[in-house]
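Notes to accompany the following structure.
The numbers here are math on the coordinates, done by the rules we state, and not lab data. Nothing here was measured: the structure is a model prediction, and the numbers come from that model. Reconstructed Cβ throughout: ideal geometry from the backbone, glycine too, with neighbour counts over all protein chains shown.
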Amino acid sequence: MEAAEPQRIEQRRGSAQIALGVKPRFDFTVFIDAKPSHAAALMDLRAKNPQRHIEVVNSDANQALRSIVEANSWASTRAVLFLDPYGMEVEWQTLEAVASTKAIDVWFLFPLSGLYLSIGLQI
């Protein structure tokens with residue numbers, strides 16, 4: 001009788017881990033999550049990367065992003081924003097605020113199921 005193969009468990013890296021793995025590195029990274037358990041996991045990730053400049057914000061992303069946009073001068077600063085919403089809850093005002101900087105490139109990551117649902121509701 002053949003020995004059973006050991007069970008393989010696939011672990012996928014989340015968006016935060018992927019962002020921290022980008023080469024060349026980002027100078028400064030801000031992770032925003034409204035869910036306390038997710039923010040705690042991001043704080044653990046920050047603790048595992050003490051050499052990195054990482055800020056974790058436990059807040060609604062719409063409010064936090066608008067605050068970040070308002071609090072910074074964008075004349076000589078560039079940024080990349082990876083929007084990875086759990087649902088389709090990014091507010092238009094947030095996108096307008098980000099666009100007004102003319103300095104933030106946006107990657108909008110979303111599940112196709114959310115797109116299909118939104119299209120279905122519009123038809």
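Between F82 and A47, what's the calculated FRET efficiency when r is the beta-carbon distance and R0 is 22 Å? Round to 0.05.
Given R0 = 22 Å and the Cβ-Cβ separation, E is 0.55.
If you place +1 on the Cβ of every Lys and Arg, -1 on the Cβ of every Asp and Glu, and leave all else neutral, what size is the dipole of segment 16-122 about its Cα centre, to the nearest 20 Debye?
Computed charge dipole of segment 16-122: roughly 440 debye.
Can you give me the convex hull volume of the Cα atoms of segment 16-122, divided per residue and expressed in Å³?
In segment 16-122, the Cα convex hull volume per residue is 118 Å³.
Between K23 and A75, with labels modelled 7 Å along Cα→Cβ, what's the label distance in nm to one decimal, could you check?
Here the modelled spin labels are 3.7 nm apart.
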